[in-house]
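Everything below concerns the one structure shown next.
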Ligand code: B16
Ligand code: MG
């Protein structure tokens with residue numbers, strides 16, 4: 001049987017949250033707003049626009065539209081300078097083990113990410129050819145927990161949602177997968193991701209036997 005396997009990017013395939021943190025922190029501090037790692041956690045899976053809106057509201061700041069656009073561009077340029085230095089060593093543990101097994105079993109694989117930089121990142125870490133479809137922040141109008149990104153990924157793979165499995169590190173992403181009627185697999189903290197059908201700390205905890213069962217279910 002074929003299943004559609006959909007992977008989030010940031011926090012699932014690579015740990016780019018640390019680069020988002022550095023870039024948002026610099027930007028926030030430059031405009032006189034404090035920015036902590038706890039706040040960064042709340043931006044996981046959240047779009048660039050919504051992230052800046054949240055940071056401004058935490059700092060009780062309102063700014064004109066043109067300045068908002070300038071700040072977004074500034075943050076992204078800074079973020080891209082970190083991305084430029086990425087290579088295969090930044091792929092999270094055992095991600096290749098899982099991708100290689102799914103490819104060997106001829107299972108369709110898609111990306112389902114909120115990031116507009118997804119293709120660039122996949123190219124930098126040399127994984128772009130592992131994906132049969134890529135759905136990212138450029139292809140959606142509604143943010144997770146809306147299921148749009150994952151439903152688009154299912155469509156691209158020509159799979160029905162009920163036969164798709166989503167790997168996600170953010171609560172909003174797990175909720176998006178559940179809202180899409182897909183099997184949700186949380187990657188990260190069990191307390192944060194308790195709404196997921198399964199939760200693993202990382203891919204080293206995911207066995208080939210488990211993947212085989214998902215395919216055969
Ligand atoms: P960009 P994911 C999300 O990616 C990140 O988790 C989130 O922190 C980021 O703000 C968002 O992408 C947009 O990213 O600025 O590169 O378009 O986790 O959905 O893969
Ligand atoms: Mg993520």
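The values are calculated or read from the model by the stated rules, or taken from the named source; none is laboratory data. Small disclaimer: the values here were computed from a predicted structure and weren't measured. So basically every Cβ, Gly included, is an ideal-geometry build from the backbone, and we count neighbours across all protein chains shown.
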**Prompt:** So which pairs qualify, if the first residue must be in the stretch 107-127 and touching a residue at least 60 places away in the same chain (Cβ under 8 Å) and under 19 Å from residue 143 (Cβ atoms), the second must be part of a loop (DSSP other than H, G, I, E, B) and more than 15 Å from ligand 2 (Cβ to nearest atom), the Cβ gap must be under 6 Å, and the two must be at least 6 apart or on different chains?
**Reply:** 111/131; 116/138
**Prompt:** Counting only residues that are under 22 Å from the mean Cα position of the chain (by Cα) and in a loop (DSSP other than H, G, I, E, B), how many does the stretch 23-45 have?
**Reply:** 6
**Asked** If you scan the stretch 80-91, which residues turn out to be surrounded by fewer than 17 Cβ atoms within 10 Å (Cβ to Cβ) and not in a helix (DSSP H, G or I)?
**Response** 84, 85, 87
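Are any residues in the stretch 171-185 within 11 Å of ligand 2 (Cβ to nearest atom), in contact with a helix residue (DSSP H, G or I) (Cβ under 9 Å, 6 or more places away or on another chain) and within 20 Å of residue 15 (Cα to Cα), and if so, which ones? Before you say what the answer is, go through the steps one by one.
Residues of the stretch 171-185 that are within 11 Å of ligand 2 (Cβ to nearest atom), as a first pass: 171-174, 176.
Filter again for in contact with a helix residue (DSSP H, G or I) (Cβ under 9 Å, 6 or more places away or on another chain), leaving 173, 176.
Listed by number, the list holds a single entry, 173.
For the stretch 64-79, what are the residues that are within 16 Å of ligand 1 (Cβ to nearest atom) and either surrounded by fewer than 14 Cβ atoms within 10 Å (Cβ to Cβ) or not in a helix (DSSP H, G or I) (or both)?
Just the residues of the stretch 64-79 that are within 16 Å of ligand 1 (Cβ to nearest atom), to begin with: 68-79.
Scanning the stretch 64-79 gives 69, 70, 73, 77.
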**Asked** Do we have residue 147 as surrounded by 15 or more Cβ atoms within 10 Å (Cβ to Cβ) and under 15 Å from the mean Cα position of the chain (by Cα) here?
**Response** yes
**Item:** One residue from 140, 166, 98 being over 16 Å from residue 46 (Cβ atoms) and within 12 Å of ligand 1 (Cβ to nearest atom)
**Value:** 166
**Asked** What pairs can you find where one residue is in the stretch 6-30 and more than 18 Å from residue 176 (Cα to Cα) and within 8 Å of ligand 1 (Cβ to nearest atom), the other is part of a strand (DSSP E or B) and at pLDDT below 95, and their Cβ atoms are less than 7 Å apart, with a gap of 6+ or different chains?
**Response** none
**Asked** Yes or no: residue 2 outside any loop (DSSP other than H, G, I, E, B), over 22 Å from residue 124 (Cα atoms) and either modelled with pLDDT of 95 or more or more than 12 Å from ligand 1 (Cβ to nearest atom) (or both)?
**Response** no
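Just wondering, is there one or more residues in the stretch 206-213 that are within 22 Å of residue 45 (Cβ to Cβ), crowded, with 17+ Cβ neighbours inside 10 Å and under 15 Å from the mean Cα position of the chain (by Cα)?
Filtering the stretch 206-213 for residues within 22 Å of residue 45 (Cβ to Cβ) gives 206.
Filter again for crowded, with 17+ Cβ neighbours inside 10 Å, leaving 206.
Those left that are additionally under 15 Å from the mean Cα position of the chain (by Cα): none.
So far as the stretch 206-213 goes, no, none of its residues is within 22 Å of residue 45 (Cβ to Cβ), crowded, with 17+ Cβ neighbours inside 10 Å and under 15 Å from the mean Cα position of the chain (by Cα).
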**Prompt:** Among 107, 120, which is the only one that is more than 14 Å from ligand 1 (Cβ to nearest atom), over 17 Å from residue 43 (Cβ atoms) and either in contact with a helix residue (DSSP H, G or I) (Cβ under 9 Å, 6 or more places away or on another chain) or modelled with pLDDT of 95 or more (or both)?
**Reply:** 107
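For the stretch 32-53: of the residues being closer than 13 Å to residue 74 by Cα and surrounded by 14 or more Cβ atoms within 10 Å (Cβ to Cβ), which is farthest from ligand 2 (Cβ to nearest atom)? Even if it seems obvious, please write down each step before you answer.
Of the residues in the stretch 32-53, the ones closer than 13 Å to residue 74 by Cα are 48-49, 52.
Remaining after also requiring surrounded by 14 or more Cβ atoms within 10 Å (Cβ to Cβ): 48, 52.
Working: 48: 13, 52: 18 Å.
Out of the qualifying residues, it is 52.
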**Item:** Whichever residue in the stretch 31-41 is within 26 Å of residue 125 (Cβ to Cβ) and touching a helix residue (DSSP H, G or I) at 6+ places or on another chain (Cβ under 7 Å) and, among such residues, is nearest to ligand 1 (Cβ to nearest atom)
**Value:** 40
